[in-house]
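Before any comments, here is the structure.
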Amino acid sequence: AKRVVIKIGTSSLIYPNGNINLAGIDELAFALTDLRNRGKEVILVSSGAVGVGMNKLNMGRRPASIPEQQAVAAVGQAELMSIYGQRFGTYSQQTAQVLLTRDVIEFPESRKNVVNTLNQLLKMGIIPIINENDTVAVDELDHTTKFGDNDQLSAIVLQLIDADLLIMLSDINGFYSDNPTTNKNAKLYSRVTEINDDLYSRAGGKGSQYGTGGMYSKLKAAQRVLENHSAMVLANGKSPKVIFDIVNGEEIGTFFKEE
Ligand code: ADP
């Protein structure tokens with residue numbers, strides 16, 4: 001894989017106690033910088049704006065209303081980018097903030113502008129860090145929809161720049177036959193070649209207070225990736241160094257690829 005999109009979920013960035021997982025973010029910066037220097041083109045799609053905002057504003061619980069969450073996300077996004085800037089900075093890796101909405105693909109003009117920006121950043125050796133623009137769109141915040149947490153956005157980005165691989169890092173080892181947090185007998189799928197209704201029926205909701213999309217949303221993203229004839233790996237982001245093993249082709253988590 002030459003072009004790799006990495007999506008990291010809130011559950012990998014924020015500890016259950018609300019603290020920011022700086023060690024994890026540092027490891028992510030280390031891994032992505034190394035890949036970049038070995039000739040890969042790397043794009044990061046990062047959640048976590050609301051969680052980091054809650055941390056900065058000393059909020060114990062996620063606010064209920066969408067406007068409150070948008071406000072917290074606006075605080076958190078700036079803070080998150082500052083943390084990324086610092087951590088990538090220790091490895092002399094430049095980063096850029098790119099805030100998108102999912103509907104960019106529906107407007108040829110905005111689609112073209114996004115593609116041009118991303119390609120130019122990659123050409124300059126900069127790692128784009130993408131998030132949904134929570135001020136403009138609330139798909140990520142509105143958990144009544146099943147399409148949360150940048151999962152869709154990361155698949156759309158893969159499509160836009162025709163990346164080969166999407167590495168989706170979550171708080172679970174992969175996609176199981178049933179939600180493993182509630183069913184101990186659930187089995188890990190190591191390879192999925194197509195997404196069908198049976199698989200959707202096995203995908204449950206989010207795992208933690210800080211998680212958002214849940215497995216349904218990840219399968220939906222995988223479906224888009226497969227439609228693009230690209231591949232996706234869903235793996236545990238507990239230790240982002242797992243990215244090295246995935247890129248080296250080791251069997252980790254769930255590998256989604258057409259037959
Ligand atoms: P993230 O914040 O990393 O995007 P989510 O909480 O949105 O994480 O999604 C991961 C969670 O999905 C898991 O922790 C698990 O509780 C839940 N889940 C539901 N069904 C499944 C399944 N079939 N296989 C794996 N995880 C599942």
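None of the figures in this text is laboratory data; all of them are computed from the coordinates on show. This one's a predicted model, so the numbers in the text were calculated from it and none came from an experiment. Heads up, the Cβs are rebuilt from the backbone with ideal geometry, glycines too, and the neighbour counts pull from every protein chain shown.
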Could you tell me which trypsin sites (Lys or Arg not before Pro) in region 48-126 are loop residues by DSSP with no more than 12 other beta carbons within 10 angstrom of their beta carbon? 61
Could you work out, for region 1-154, what percent of all Cα-Cα pairs fall into each 5 Å distance bin, beginning at 0 Å and stopping at the bin that holds the largest distance? 2, 9, 19, 22, 20, 15, 9, 4, 1
Can you flag which of 40/123; 2/123; 123/241 are past 19 Å Cα-Cα? 123/241
Kirkwood Rh, Cα atoms: Rg over Rh of region 1-88: 1.03
Just check region 74-186 against the gyration tensor rule for me: Cα atoms, a ≥ b ≥ c as the square roots of the eigenvalues, rounded for a/c under 1.5, and otherwise prolate or oblate depending on whether a/b exceeds b/c. prolate
Return the calculated 222 nm mean residue ellipticity for the chain, to the nearest 500 deg cm²/dmol, obtained by summing -39500 (n - 2.57) across DSSP H runs with n ≥ 4 and dividing by the residue count. -12000 deg cm²/dmol
Compute, for region 43-155, the length of the dipole vector about the Cα centre, with Cβ point charges of +1 (Lys, Arg) and -1 (Asp, Glu) only. Units Debye, rounded to 20. 360 debye
By DSSP, what percent of the beta bridges with both residues in the chain are antiparallel, rounded to the nearest 5? 15 percent
Would you list the membrane-span-like helices of the chain, meaning whole DSSP H runs whose alpha-carbon atoms span at least 15 Å along their axis and whose mean Kyte-Doolittle value is at least 0.0? 22-37, 66-89
Compactness relative to 2.2 N^0.38 Å, alpha carbon Rg of the chain: 0.93
